[in-house]
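The values are calculated or read from the model by the stated rules, or taken from the named source; none is laboratory data. All of these numbers come straight from a predicted model, not from anything done at the bench. No Cβ is skipped: glycine too gets one built from the backbone with ideal geometry, and neighbour counts run over all protein chains shown. Ligands, DNA and RNA are excluded from the accessible area calculation, which covers all protein heavy atoms including side chains. Shrake-Rupley method; radii C 1.70, N 1.55, O 1.52, S 1.80 Å.
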Amino acid sequence: MFPLKDNVPTRSFPIVTVALIAANFAVWIFYELPNLNRSVIEWAYQPCEVVSSCPPGTAVGHSWPVTAFTSMFMHGSWLHIIGNMLFLWIFGNNVEDAMGRGRFLVFYLVSGLVAIAAQTVVTLTLGTTIEAAVPTLGASGAVSEPRSLAASAKR
């Protein structure tokens, strides 16, 4: 059974958490769903771009510094976005409440970029050239850090 909420009250409305959830759903519904393949090619991050090792014929959209950011707001399926946003809703409000709105937003974005960097190092070090061309997308890296921070704060 999946949790739908936690029992830790917050002092204020989690505006940044709600805005991040809204932004993720807006990107999914209005940009990705109409043409998922095209949006993934254009805006998802590919580790091979960092070292210019993408195989010939591999579709590469925008430059990797741009896609490292945009990929954090993309998802591959309804289950993917619903799972990510459920955990952001459950844990993000407590972390936002503890950190403050501005610091939480920066923390969320930096967590996502660190997750992309870690995935890139692992993929380029241990993966093949073909694996490095697989698009990376989703908010999982950005969502998992607030989740782990909230869990440690509750102990």
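Brief remarks follow.
- Restricting S12, S52, S39 to those that are touching an Asp or Glu at 6+ places or on another chain (Cβ under 9 Å) and at pLDDT below 90 reduces the list to S12.
- Within the stretch 4-43, being within 17 Å of E96 (Cβ to Cβ), open to solvent by 70 Å² or more (accessible area, probe 1.4 Å) and assigned to a helix (DSSP H, G or I) holds for one residue alone: I15.
- Only a single item in (1) under 19 Å from P135 (Cα atoms); (2) in contact with a Leu (Cβ under 8 Å, 6 or more places away or on another chain) is not met by L20, and it is number (1).
- Residues located in the stretch 85-101, provided they are open to solvent by 10 Å² or more (accessible area, probe 1.4 Å) and either without any contact (Cβ under 8 Å) to a residue 60 or more places away in the chain or over 14 Å from A19 (Cα atoms) (or both): F87, F91, N94, D97, A98, M99, G100
- Scanning the stretch 44-84 for residues that are touching a residue at least 40 places away in the same chain (Cβ under 8 Å), in contact with a Ser or Thr (Cβ under 8 Å, 6 or more places away or on another chain) and in a helix (DSSP H, G or I) yields P47, C48, S71, N84.
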